[in-house]
1. Counting only DSSP beta bridges with both residues in region 15-90, what percent are antiparallel, rounded to the nearest 5?
2. Can you tell me the order of 52-61, 75-84 when each peptide is scored by its average per-residue count of other Cβ atoms within 10 angstrom, highest first?
3. Using only alpha carbon positions, build the gyration tensor of the chain, then give the equivalent ellipsoid semi-axes as the square roots of 5 times its eigenvalues, largest first, whole angstrom.
4. Give the relative contact order (percent, whole number) for region 27-92; include only Cα pairs under 8 Å separated by 6+ residues.
5. Please name whichever of ASN39, LEU56, SER79 sits farthest to the positive end of the charge dipole of region 15-90, dipole taken about the Cα centre and charges placed at Cβ: Lys and Arg +1, Asp and Glu -1.
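Nothing in this text is a laboratory measurement; each read-out follows from the coordinates by a stated rule. Just so you know, these numbers come straight off a predicted model, no measurement behind them. No Cβ is skipped: glycine too gets one built from the backbone with ideal geometry, and neighbour counts run over all protein chains shown.
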Amino acid sequence: MEEKLLYKIHVMGHVQGVGFRWSAIREARNRDIKGFIKNLSNGNVYIEAEGSIDQLNIFVEWCKKGPGFGFVESVNIDSFPPVNYTDFRIES
């Protein structure tokens with residue numbers, strides 16, 4: 001079985017109010033990634049995504065483009081040991 005990692009991802013740009021979170025949920029679930037996504041008060045989006053390195057790297061590439069609405073300026077990623085999330089959801 002492939003080793004799991006946890007990526008803590010900050011997505012900066014015009015990423016709120018454009019369907020980013022809902023599109024990210026669909027992408028994460030399609031790739032069997034677990035974790036959560038939430039809007040930050042500064043207008044950015046924060047994601048904790050857990051899966052294999054291949055799954056996560058594909059997801060990060062999607063995050064760099066977003067759903068096609070809005071604009072992603074940059075994506076920062078930090079890697080951590082997994083915490084065993086069981087689903088992928090929106091947090092407030």
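1. Roughly 65 percent of the DSSP beta bridges within region 15-90 come out antiparallel.
2. Details: 52-61: 15.9, 75-84: 11.9.
Final packing ranking: 52-61, 75-84.
3. Those come to 21, 12, 12 Å.
4. Numbers: 76 pairs, mean separation 28.9, N = 66.
Here the relative contact order equals 44 percent.
5. Comparing the listed Cα positions along the dipole, ASN39 ranks first.
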